[in-house]
1. If the requirement is being under 26 Å from Ala490 (Cβ atoms) and in contact (Cβ under 8 Å) with a residue 24 or more places away in the chain, which of these qualifies: Val652, Val604, Val675?
2. Based on what the data block shows, is Glu459 in a helix (DSSP H, G or I) and either of a type in the set (Ser, Thr, Tyr) or over 30 Å from Lys640 (Cα atoms) (or both)?
3. Every residue in region 416-442 that is assigned to a helix (DSSP H, G or I) and within 14 Å of Val458 (Cα to Cα), please.
4. So Arg687 fits all but one of (1) in a helix (DSSP H, G or I); (2) touching a residue at least 24 places away in the same chain (Cβ under 8 Å); what number is the exception?
5. Hey, does region 475-484 have a residue that's of a type outside the set (Gly, Ala, Ser), open to solvent by 60 Å² or more (accessible area, probe 1.4 Å), more than 30 Å from Phe678 (Cβ to Cβ) and in contact (Cβ under 8 Å) with a residue 40 or more places away in the chain?
6. Those residues that are at pLDDT 80 or above, open to solvent by less than 80 Å² (accessible area, probe 1.4 Å) and part of a helix (DSSP H, G or I), I need them from region 66-103; list them, please.
7. What number goes with the only condition from (1) in contact with a helix residue (DSSP H, G or I) (Cβ under 9 Å, 6 or more places away or on another chain); (2) open to solvent by 50 Å² or more (accessible area, probe 1.4 Å) that Val609 does not pass?
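The values are calculated or read from the model by the stated rules, or taken from the named source; none is laboratory data. Predicted, not measured: the structure shown is a model, and the values here were computed from it. Cβ placement follows ideal geometry from the backbone for every residue including glycine, while neighbour counts extend to all protein chains displayed. We work out accessible area using only protein heavy atoms, side chains counted, and drop any ligands, DNA or RNA first. Shrake-Rupley method; radii C 1.70, N 1.55, O 1.52, S 1.80 Å.
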Amino acid sequence: SGQGGGVGGSNGMQKPDEKDDKKPAKKKIPLSAHPTYSRFFKMLKVGLPVEVVQGKMTAEGLDPATIHRSPDEMVCEDDPTASPSTEDNATEETTADNKLEEQKKDEAESSSPMVAISEHPLYAKFFKMLKVGVPLHVVKAKMAAEKLDESMIDKPPSEMIPLEEKKETAEQLVAVSEHPLYAKFFKMLKVGVPIHVVKAKMAAEKLDESMIDKPPGELIPLEEKPPEVQMVPRCEHPLYAKFYKMLKVGVPIHVVKAKMAAEKLDGSIIEMPGDEMIPLNAEAAAPPVDVGDALKKGLAAGLLGSRGNTPNPKSATPSVRKKKLYWKALDASKVTRESLWANELEEEIVMDEEEFNKLFIDEAKTADSPTKQKKVEAAKEPKKQKIILVDMKRAQNGGIALARIKMPYPDVKSKIMNMADDGLSTEQLKSLEDFLPTPEESDKLKSFKGDVDSLGQVEKYMLTMMDVTQQAPRRIKCMIYKQMFKPRVAEIKSKLQKIERACDDVKLSGRLRKVLRTILKVGNQINDGESNMGFTLDSLLKLNAAKAYDKKTTVLQYVITLLHRNDADALLLTEDLKNIDEASRFLIDSLNTEKNQLKDEFNVNFKIVLEVQDKENSSRIGQMIDFLTKAWVLCDDLDKSFETVKTKYANVLQYFGEESTMASSEFFSTLSKFVKEFADSKATVERVRRQEEKAQAAAAAKEKKLKQQLDIQQRNEMNGGDNIDDAVVGRDDVERKETLAMKQQQELEEKENALLAVAGIKIPKKVRKRSQSQSLKLKPGQLDDLLRSRTQNSVDGDANLMLTDDSCT
């Protein structure tokens with residue numbers, strides 16, 4: 001048995017493959033259920049992007065390409081790489097081995113290093129586009145536009161590829177709607193442009209119109225092959241269809257031919273059969289013809305003959321153009337004997353032939369005239385193409401900007417080197433700085449050996465400035481600083497002056513002091529008689545929000561009411577604080593920053609000028625030196641102004657008891673809001689007071705009217721029931737009252753005279769006069785009663801009773 005065991009062991013050592021084949025089969029499970037990879041497939045299920053999942057796998061040291069395999073693929077449970085079983089996938093393993101060998105062979109032959117595809121210089125940006133959410137089809141279209149293999153974006157980001165990619169000989173495919181030649185036409189269809197218009201546009205650009213009929217997602221080669229020639233009937237061809245339709249509706253053929261000649265088409269084509277097949281391509285269908293050639297062939301003879309003119313193109317006589325009146329003539333059968341048109345005019349109308357010809361006939365110059373020949377030659381002379389050496393967009397923008405500078409470029413260069421900014425605006429100086437040549441552009445200009453006149457404006461300017469590209473930028477900056485210095489200083493000074501005036505307004509206003517003291521007194525009284533010495537500035541904005549128990553009157557309105565009763569002049573507070581609103585827009589610290597920046601730029605430009613002065617003749621930059629001398633004085637003056645404003649503002653903060661760190665914009669904006677609320681509350685109080693005064697006046701008028709009515713009623717009773725006009729009595733007019741009194745006196749006198757006459761009583765004039773004066777003092781009815789009694793006595797006694805003074809009185 002030992003021998004057998006030895007033999008068995010010997011056999012086992014000699015045939016290890018046979019021994020391995022006898023091992024039990026390993027347990028296989030789906031890849032999505034594998035303990036190592038199951039959670040990554042679950043991440044995909046819940047919607048995580050595949051890039052995120054692959055990044056997670058890479059972080060854990062796993063192959064991110066595994067996530068692209070089928071989740072149902074059967075793999076060995078204990079295989080850490082989850083590769084397919086060799087028993088079920090022998091063919092696949094062989095293929096994979098062959099591919100691996102080919103890859104190794106390629107790697108051995110190629111000396112190029114390997115990099116991950118997501119880090120490859122050509123493809124890295126496209127993987128980044130995917131990461132930020134750019135749709136896949138957009139990324140592929142971008143790759144196709146750059147003539148790169150779109151399939152690379154479908155590969156795992158960690159797949160290794162050669163750094164120097166071999167040129168692909170395979171044909172690249174792209175969706176027809178994303179093809180560079182046809183994409184815009186599919187967009188035209190999307191926005192509603194009719195398909196026949198789109199096809200006409202494609203034909204005009206000599207493209208295959210049938211492409212627009214294909215599905216947008218159909219793949220076509222990026223490098224388009226020459227399209228097959230498409231044939232259509234002549235009567236349906238885009239160039240000739242409308243002319244065949246004109247013939248159908250009865251338009252004369254010579255008119256159609258003339259129309260075709262005007263559009264530079266061969267008029268003889270209209271005589272050919274319409275159903276004949278011709279190429280759809282416009283050039284293949286019919287090359288354009290010259291109008292003059294068409295006239296020589298007689299295509300327009302019918303039209304010209306209908307107008308009574310048959311010009312000879314070779315003749316030197318001028319052609320004649322006549323105005324045509326497009327009216328509708330009557331049928332001769334409708335003109336009867338009784339018709340208006342049957343009888344001729346009794347008097348023939350005389351027409352001035354010279355005047356008529358001047359108005360309605362135009363003698364054009366002949367085709368062989370010298371003037372026309374010159375125009376034709378000038379029209380045929382091609383325009384000289386400008387040579388562009390720089391970026392197209394840069395050349396276009398530069399040409400627009402430099403066209404505004406109306407001086408030769410050598411003069412511009414001289415001004416820049418001398419730092420003389422006269423004749424140049426700030427915008428022009430910025431343009432001159434922007435379009436100075438870069439090193440790459442300078443190299444292109446140096447290698448140019450052609451005619452300088454054939455260059456564009458930007459290239460000419462760059463060529464002029466090419467030898468001073470080191471000095472020019474700094475000098476242009478100095479010139480720009482010089483032009484901007486005075487406006488900047490003026491702006492900073494203006495803002496400082498506004499803050500300074502606002503500080504003066506606040507500090508010197510007695511009305512503001514009176515208002516604030518009143519507010520303090522009211523506030524202490526409201527708060528149970530507190531004895532606070534003052535309050536913060538932001539407390540002013542709470543006065544308009546706090547209301548009394550009547551839910552109408554605010555604390556600020558009550559303060560205004562008190563001021564109206566005690567010191568109405570304090571209500572004119574807004575007139576004292578006119579500058580605080582403008583001051584609230586500026587910050588002292590920001591103005592300090594602007595001032596310091598201006599001084600820093602001054603120091604930089606001063607150093608530049610000193611360097612230039614040391615190297616060159618100082619007389620060339622005399623203008624800049626004079627400017628810097630004056631600018632230094634202005635900067636020093638600006639420092640003094642700033643310190644003055646800063647001190648005044650610090651005093652204002654101390655005056656109000658506020659923190660010294662409080663920003664100026666915060667202080668003045670708070671005060672400005674309070675002043676606006678004060679003005680609004682003042683208007684409200686005034687309106688309420690006017691309403692109350694109006695109501696009181698109405699109540700007084702009503703009471704007075706009632707009193708007058710009572711007086712009238714009493715008078716009526718005393719006058720024995722005689723009514724007095726209420727309307728007259730009710731008026732507060734002195735004249736009308738006097739008139740009414742005189743009327744009453746006159747009535748009394750008439751009654752007296754009547755009664756005296758009836759009674760036969762004679763009163764001496766002296767007594768009568770005194771009686772009249774005293775009767776005004778009698779109450780109504782007293783004199784009547786007296787006279788009645790006297791008259792009764794006189795009738796019973798002596799009829800000629802003579803009254804004495806006493807009896808009369």
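1. Val652 is the lone residue from the list that is under 26 Å from Ala490 (Cβ atoms) and in contact (Cβ under 8 Å) with a residue 24 or more places away in the chain.
2. Here the answer is yes, as Glu459 does meet what is asked.
3. Once the filter is applied, which keeps residues that are assigned to a helix (DSSP H, G or I) and within 14 Å of Val458 (Cα to Cα), region 416-442 yields Gln428, Ser431, Leu432, Glu433, Asp434, Glu441, Ser442.
4. Of everything listed in (1) in a helix (DSSP H, G or I); (2) touching a residue at least 24 places away in the same chain (Cβ under 8 Å), Arg687 misses just condition (2).
5. Within region 475-484 (the criterion being of a type outside the set (Gly, Ala, Ser), open to solvent by 60 Å² or more (accessible area, probe 1.4 Å), more than 30 Å from Phe678 (Cβ to Cβ) and in contact (Cβ under 8 Å) with a residue 40 or more places away in the chain), the answer is yes, since at least one residue qualifies.
6. Listed by number, the residues that qualify are Thr66, Ile67.
7. (2)
Matching residues to (1) closer than 14 Å to Glu51 by Cβ; (2) in contact with a His (Cβ under 9 Å, 6 or more places away or on another chain); (3) surrounded by fewer than 19 Cβ atoms within 10 Å (Cβ to Cβ):
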{"residue": "Ala116", "(1), (2), (3)": "yes, no, yes"}
{"residue": "Phe126", "(1), (2), (3)": "yes, no, no"}
{"residue": "Gly133", "(1), (2), (3)": "yes, no, yes"}
{"residue": "Lys140", "(1), (2), (3)": "no, no, no"}
{"residue": "Ala144", "(1), (2), (3)": "no, yes, no"}
{"residue": "Ile153", "(1), (2), (3)": "yes, no, no"}
